[in-house]
Amino acid sequence: MSAAVKNRIRSSKGDLVFNIFNTIFLIIVTIITLYPLIFVVSASISDPNMVNSGKMWLWPIGFTLDGYNRVFANSDIWIGYRNTIFYTVFGTLLNLAVTIPCAYALAKKSLPGRKFFNFLFLFTMFFSGGLIPLYMLVKTLLLLDTIWAVLLPTAASIWNIIITRTFLETTIPDGLEEAAEIDGCSTFMKFFKIILPLSAPIIAVMALFYGVGHWNSYFNEMIFLSDRNKFPLQVFLRELIIITQMDTNGQTITSTEAQSIAEQQRLAGIIKYSIMVVSTLPIICVYPFLQRFFVKGVMVGSIKG
Amino acid sequence: MTQTKAAPASGTKRKKSLGQRFVKGLRDYWQYYILLLPALAYFLIFCYGPMYGAQIAFRNFIANKGIWGSPWVGFDHFVRFFKGVYFWDLIRNTLVISVYGLIAGFPFPIILALSLNEVKNDMFKKTVQTITYAPYFISTVVMCGMLIAFLNPSTGIINKFITALGGEAIPFLSKENMFPSIYVWSGIWQGTGWGSVIYIAALSGVSPELLEAATLDGASRMQKIWYVNIPAIFPTMVIMLILNSGSLLSVGYEKIYLLQSPLNTATSEVISTYVYKTGLVSAQYSFSTAVGLFNSVVNLVLLIIVNTIARKLNETSLW
């Protein structure tokens with residue numbers, strides 16, 4: 001009896017030490033993660049001279065909204081925002097229209113050819129034709145410089161299909177489907193009337209995964225689009241915060257870009273941090289509320305299918 | 001994540017000919033196939049289409065003759081790549097960045113997950129999770145913009161700290177030997193929190209009885225982590241390792257391309273950026289496709305090798 005009590009006291013002391021170190025560790029991790037983010041926000045509303053001289057290192061000094069005024073005065077930002085919202089909304093709708101029905105069909109265990117389709121789709125995760133053949137395909141299909149070049153090549157992701165399939169396999173009870181079949185429900189009716197309403201959580205997760213992907217994507221858009229009116233935000237961002245700054249690091253630039261870049265360079269110090277905030281804000285704002293959905297998505301996906 | 005076991009064969013119990021089964025399958029399941037159709041079309045066109053088009057790696061692609069009209073040259077482009085002056089530099093740069101990233105990046109999400117798993121206070125746990133996942137949602141362009149701004153030799157905050165401590169400002173992105181570290185550690189900053197989610201999920205499956213039994217046996221917290229929690233997430237670790245090693249030769253061009261400058265290409269030029277430059281910038285379609293195809297094949301072979309080893313050693317496998 002006394003030995004057990006002693007044991008408990010000893011272990012609780014060990015517990016306490018462990019908890020203290022564990023908490024300190026996590027606080028350090030949090031600070032390391034948070035610091036660059038706070039710095040960017042602070043720098044975006046601080047006097048540029050204070051930022052460039054290093055006097056501003058945590059909280060804003062010399063509050064000013066000049067950076068944001070410049071950013072919002074830039075028509076490229078508005079065009080980019082408009083296009084990004086368009087690509088994100090329609091791209092995500094297309095993703096869902098492809099992913100959810102496919103996942104439902106693949107979740108049907110008795111579907112003839114299920115193994116074949118699984119393999120056919122999974123194989124693309126481990127092997128691809130490469131960048132140039134994709135580019136040539138898009139060119140051959142006459143999609144270059146159209147919105148379809150942005151929407152179609154990313155119409156589905158096998159990873160997300162697997163997550164959705166696993167969700168449907170584990171959460172929709174077999175009995176429910178059987179009951180619907182006995183009641184004379186066709187597959188389509190089952191899908192639209194029963195499965196879709198029950199899949200609301202996974203649809204939310206998928207919309208978020210795909211949506212963030214569209215919002216942040218730049219490379220496909222950069223190589224497939226040449227009309228500036230179709231550029232999404234990230235492509236303009238690349239011009240504004242990467243090319244201008246790389247220039248100071250010795251990157252050579254084309255003469256056509258030189259003039260606009262010289263102008264932007266004068267302003268770069270003020271606007272670069274504001275642009276980062278403006279472009280990331282929508283995601284950072286919605287993210288804390290949607291975080292549990294994201295996490296749920298990964299958790300569902302990690303259950304062995 | 002892992003492949004499911006083979007589904008029990010379709011409802012047809014009696015042996016029927018393939019044709020009969022096909023007709024019956026189509027009759028009973030045609031609506032499922034229609035639901036499958038958009039995805040099938042997508043994968044065939046945009047994933048298998050480029051694989052078909054990759055045959056120009058074995059031809060001298062001439063635009064107005066098309067894929068089939070272009071003359072067959074066999075492995076010429078591959079040989080040219082293997083014998084080219086850049087070959088070993090590209091392989092070395094790619095491997096340095098990816099192996100460095102794999103080794104340095106692998107433990108962090110696991111440590112974070114194990115640590116978070118020990119937190120009893122829900123509020124604190126949620127806050128840490130929310131903050132550490134956040135960087136994952138920052139776009140590559142913004143991430144690189146932040147890096148370039150922070151590492152700037154004259155105005156960057158990191159150099160301000162260095163000079164404040166009496167050091168000399170370092171032009172990080174112009175120093176070629178620093179490139180792999182910049183790439184890898186910024187990736188760790190961005191990916192650790194999100195990477196931990198999958199391990200947290202695995203840890204939530206550890207049976208409380210097992211932990212209780214360990215407590216009764218007098219195991220300390222560290223001992224419980226070491227002897228109960230880590231073995232519990234070991235299969236997940238192996239799966240992640242297999243997946244990561246399958247992409248050893250494919251360092252993403254998206255981030256590298258943005259951080260590249262002529263001053264650091266000696267270490268920052270990797271296979272994927274080389275493919276982009278030779279292919280889309282200098283329009284050597286066939287050669288560039290050959291380089292990309294070489295990359296894909298090596299990745300696939302690596303994945304199969306590591307997966308086979310993992311299956312032999314502890315029966316964990318992707319498929």
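Please treat every number below as a calculation from the coordinates, not as lab data. What you see is a predicted model; the values in this text were computed from it and never measured. Methodologically, a virtual Cβ is constructed for each residue, glycine included, from the backbone with ideal geometry; neighbour enumeration extends over all protein chains shown.
Tabulated results
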item: Partner aspartates and glutamates for A:Lys55 [C-alpha distance under 17 Å; skip if fewer than 8 residues away on the same chain]; result: A:Asp47
item: Which listed pairs, of A:Lys115/A:Lys139; A:Lys108/B:Lys24; B:Lys224/B:Lys312; A:Lys115/A:Lys296; A:Lys139/B:Lys83, have C-alpha distances above 21 Å, in listed order; result: A:Lys115/A:Lys139; B:Lys224/B:Lys312; A:Lys115/A:Lys296; A:Lys139/B:Lys83
item: Charge dipole (the protein assembly as shown, unit charges on Cβ, about Cα centre) - positive-most of B:Thr192, A:Ser199, A:Leu131; result: A:Ser199
item: Sequence of A:Tyr68, B:Tyr52, B:Tyr29 once ranked by neighbouring C-beta atoms within 10 Å, starting from the fewest; result: B:Tyr52, A:Tyr68, B:Tyr29
item: Cα shape, the protein assembly as shown, gyration tensor, a/c 1.5 rule; result: oblate
item: Distance between modelled label sites at B:Ser174 and A:Val17, nm, 7 Å Cα→Cβ extension; result: 5.1
item: Chain B: calculated mean residue ellipticity at 222 nm from DSSP helix runs of at least 4, using -39500 (n - 2.57); result: -20000 deg cm²/dmol
item: Modelled FRET efficiency - R0 22 Å, B:Tyr86 with B:Ser282, Cβ distances, 0.05 increments; result: 0.95
item: 5 angstrom amide H check on B:Arg59, placed H, neighbours 5+ away; result: B:Val73
item: Pairwise FRET efficiency - B:Phe161 versus A:Phe289, Cβ, R0 = 41 Å, nearest 0.05; result: 0.75
item: Rounded to whole Hz, the Karplus (6.51, -1.76, 1.60) HN-Hα couplings of the range A:36-46, x for glycine and proline; result: x, 5, 4, 4, 4, 5, 4, 5, 6, 10, 10
item: Lys/Arg +1, Asp/Glu -1 at C-beta; chain B dipole; positive extreme among B:Tyr86, B:Gly218, B:Ile56; result: B:Ile56
item: Given charges at beta-carbon only (K, R positive; D, E negative), |dipole| of the range B:90-243 in Debye; result: 260
item: Estimated inter-spin distance, B:Met222 and B:Lys312, nm [label 7 Å along Cα→Cβ]; result: 3.6
item: Dipole moment magnitude, nearest 20 debye, the protein assembly as shown about Cα centre, only Lys, Arg, Asp, Glu C-beta charged; result: 1660
item: Phi to ³J(HN,Hα) by Karplus 6.51 cos²θ - 1.76 cosθ + 1.60 over the range B:193-208, Hz, x for Gly, Pro; result: x, 5, x, 6, 4, 5, 6, 4, 4, 5, 5, 5, x, 5, 6, x
item: Distance (nanometres) between label positions extended 7 Å along Cα→Cβ at A:Ile32 and B:Tyr52; result: 4.9
item: Cα-based reach from B:Lys120 at 16 Å (exclusive), listing aspartates and glutamates while leaving out same-chain residues under 8 positions away; result: A:Asp15, B:Glu212
item: Sequence of B:Val297, A:Val71, B:Val128, B:Val119 once ranked by neighbouring C-beta atoms within 10 Å, starting from the fewest; result: B:Val297, B:Val119, B:Val128, A:Val71
item: Residue-averaged beta-carbon neighbours from other chains (10 angstrom radius) around A:156-163; result: 2
item: For the range B:216-221, 3J(HN,Hα) per residue [Karplus equation, 6.51 cos²θ - 1.76 cosθ + 1.60, θ = phi - 60°, Hz, x = Gly/Pro]; result: 5, 7, x, 6, 6, 4
item: Three-way shape label, chain B, alpha-carbon gyration tensor, a/c 1.5; result: oblate
item: Length-normalised contact order for chain B - Cα pairs under 8 Å, 6+ apart - percent; result: 25
item: Residue of B:Ser98, B:Ser286, B:Ser207 that the Gaussian network model of chain B assigns the largest fluctuation, springs spanning Cα pairs under 10 Å; result: B:Ser207
